[in-house]
Amino acid sequence: MTDLPPLDTIAVPQPRPDVAYTLSRLGRRFAFPSLKALLGAADWSKAGDRVAGLAAPDEATREAARSILASLTLQHLHDHPLTDHAGRVDAVMRVNYQIDREVFAELAPLTLGALKDRLLAASPAEVARAGSGLTGVMAAALAKLCDVHELVLLARRCRRVATARTTIGLRGTLSSRLQPNHPTDSPAGMTALLYTGLSMGSGDALLGMNPAIDTVDNVAALLRRLDEVRRATGVPTQICVLSHVKTQLACLERGAPVEILFQSLAGTERVLTEEFDVTVPLLDHAYATMRTRGALGPEAPNVMYFETGQGSELTYGKHEGIDMTTTEALCYGLARRWRPFMVNNVTGFIGPETHLDNFEMIVANLQDHFMGKLLGLPMGMAPCYTLHAQVTLEGQQIATQLLTAAGANYYMDVYLNTDRMLAYFDTSGHDDQTLREVHDLAPAPAYLEWAKARGIFEDDGSGGVRRGPRWGDPTQFCASAEEWRELRDALPAAWGFDNAGPRPADHVTRTLRANQAVAREAIHADLHVTAPPGVRLRPLRTGASTRAEHLAHPDLGARLHPDSTPVAEPATVQILIADGLSAQAVHHNLPDLLPVLLDGLAAQAIAVGDPFVATFGRVKLAEPLASATGARVVVNLIGERPGGDAQAARSLSAYIALQLAPGAEQRAAATASGHADIRFEYTVVSNIHAAGLPPLEAGAVIVEKLLAILAHGAAGNRLEQHLVGHVA
């Protein structure tokens, strides 16, 4: 799909009244009041769908839903588009109807059961062609009828190749995205991770970093550093800093080397626009800009990178009554509009409110990979987990073995599985190489030749490839041993660089796992806050009354309990202290941070109320607090989910929520975001802890951000546009 037809030219059937679906079987009658209800009940039970009331209550109901679904024709699914809460077809659903009409016409009379049978007997070319005529809803419905073998088999038949500077997805290859995330964006720590990953044969898909600080200045600097490493090592790959698309476009205007353009996607328009600050026209503009002005030039056919993952729509409470698998498939129907180089699925990233345990994470990843490949996308997979879920490293490893058998294009390389900035656990370079050796795979061809020249890989004498003498040796990229020591010293949670074949040495593994075990305990710590001298703390209750409710139902922690609603007061700023997912983060940082923050606000003569303290609080608790008190800004000091060591388990963030003033300010925010009813904008100061942004320094940074927010009447992306001079 090279053309980008205007949204209003994509033909979508008019919404129809809900259809009730019934089935009588073995003396029992099953009834589903709508297509959304049927799709939800037909899926494996997952935490998010249980929270939403969409999962089947038992296996008999689930199989009844699957039987009904199998009897529906593709024409029926086509003629009943899923609608949003207002009964309209939103932009995401509309783009999903951008299909090959000739292919759809051939398939339309088939039932889903018949389509599944046809695809299981079809050639790879036939499976790939069929996918071009399907919407995301059709792909999701098909996935719900497939068992594990079928999800693996059908996905393996859908080979999806994409090309930027390198080509990924070729037969016999397994690529990786090297992710050198650092809690402070330290150039030295980032470089240590890049050198380590490159020495292990990682990064042929991308050198891609998530920034801790999403500003134009910082993202441009990170892009230039990635480009310097790429040029200095000569590695044939491409680079990306995974900031917001608006930030990256501003960097491109400044002349920074934006080679691959990133954005997270969602399966409903409300999440895409209201939470991710993105619209379809904005992404159309971004795609056109990259095709004409991107650093790789117009000759690169694929220049976009999207991340998705089941559950974001549910977490934000904007899933429109659609189950997680189906909203995820709608993401893929949206993504293919822009012919991406990479789509990375991060199901498991959110936590137990969407996927509780290993089984839920594994089966969701298999579904996602199958649906994405069927719909034409070059799928990379990141079966990942957080410490507050009942998901483990072993579950992740089982997922990667199955997904490699299914033909995943690439995985992540997060050193020792531990993301030092995002506090989650992903695949590592050790995993990538292990999977290559188990499944007889190699990196992308151009990268492999570069790695052979450096001794990282070598021919095995029988037409294959094996690890070479320099595999796993990051010092090969350094001028001296002292240079490597300086880089290594800037890297937290680096438990060692010794290897045993393609795996980390056992002493490294034991230290790693011990730290994870300690960090997981931080989830269950109780919140105890002591007021600094002269400060009065005010308790708040949320809608969550137990830790189990807090972890499983994040929406409860974003509500004030009816018996705990503050009254209006004249303070411009309110401070909220919440445990979030780590009370230890509050305990270790607040004593240093809070006095600096209060003193800084007092020095600027900004009226601030006595701080509030909320147990079982979430980020968006700031909004009802602002509404109740009338505060212009709420600073939510909240514990983030624990990372891979004791320090990372103490990571605090400050979510600074601006309550938009009615009139011109709100209209400007609505225009910038595409969200007509926007009421709050957020700026985030993250990774506040001793090994990240020190709490004393963080207090001053928060005050500086607050002053900018109040001065410009803007936060988040709109504030950044003000600061770089793009907004008058």
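Here are a few things to note about the model shown:
- Charge dipole (debye, nearest 20) of the chain; +1 at Cβ of Lys and Arg, -1 at Cβ of Asp and Glu: 900
- Kirkwood hydrodynamic radius over Cα pairs of segment 396-517, then Stokes diffusion coefficient at 10 °C and 1.306 mPa s, in µm²/s: 100
- Note on segment 563-714: percent of Cα-Cα distances in each 10 Å bin, starting at 0 and stopping at the bin with the largest distance, equals 12, 41, 34, 12, 1.
- If both residues of a DSSP beta bridge must be in the chain, then about 45% of such bridges are antiparallel.
- Each of SER564, ALA522, SER175 was scored by the projection of its Cα onto the charge dipole of the chain, and the greatest displacement toward the positive side belongs to SER175; charges sit on the C-beta of Lys, Arg, Asp and Glu.
- Within a straight-line Cα-Cα reach of under 21 Å, LYS36 can be paired with the following lysines, leaving aside sequence neighbours fewer than 8 residues apart in one chain: LYS46, LYS116, LYS144, LYS318.
- Residue among ALA11, VAL92, SER67 farthest towards the positive dipole end of segment 7-155, charges placed on Cβ: SER67
- Within segment 526-723, antiparallel bridges make up roughly 50 percent of the DSSP beta bridges whose residues both belong there.
- Solvent accessible area, Å² - ASP368, 1.4 Å probe, full protein context: 0
- In segment 629-728, the DSSP beta bridges split such that about 95 percent are antiparallel, to the nearest 5.
- Ranking by accessible area, most exposed first, for ILE398, ILE688, ILE99 with a 1.4 Å probe: ILE398, ILE99, ILE688
- Mean Kyte hydropathy of -1.0 or more with a Cα span along the axis of at least 30 Å, helices from DSSP in the chain: none
- Think of each Lys and Arg Cβ as +1 and each Asp and Glu Cβ as -1; about the Cα centre, that makes the dipole of segment 328-368 roughly 420 debye.
- Extents of the chain, taken as max minus min of Cα coordinates on every principal axis and listed largest first, are 75, 67, 50 Å.
- Furthest towards positive pole of dipole, ALA672, MET379, TYR424, structure part the chain, Cβ charges: MET379
- Dipole magnitude of segment 160-514, debye to nearest 20 (Cβ charges: Lys/Arg +1, Asp/Glu -1, about Cα centre): 860
The values are calculated or read from the model by the stated rules, or taken from the named source; none is laboratory data. From a predicted model like this one, the values you see are computed outputs, not experimental measurements. No Cβ is skipped: glycine too gets one built from the backbone with ideal geometry, and neighbour counts run over all protein chains shown. Protein only, heavy atoms only, side chains kept; ligands, DNA and RNA dropped before computing areas. Shrake-Rupley method; radii C 1.70, N 1.55, O 1.52, S 1.80 Å.
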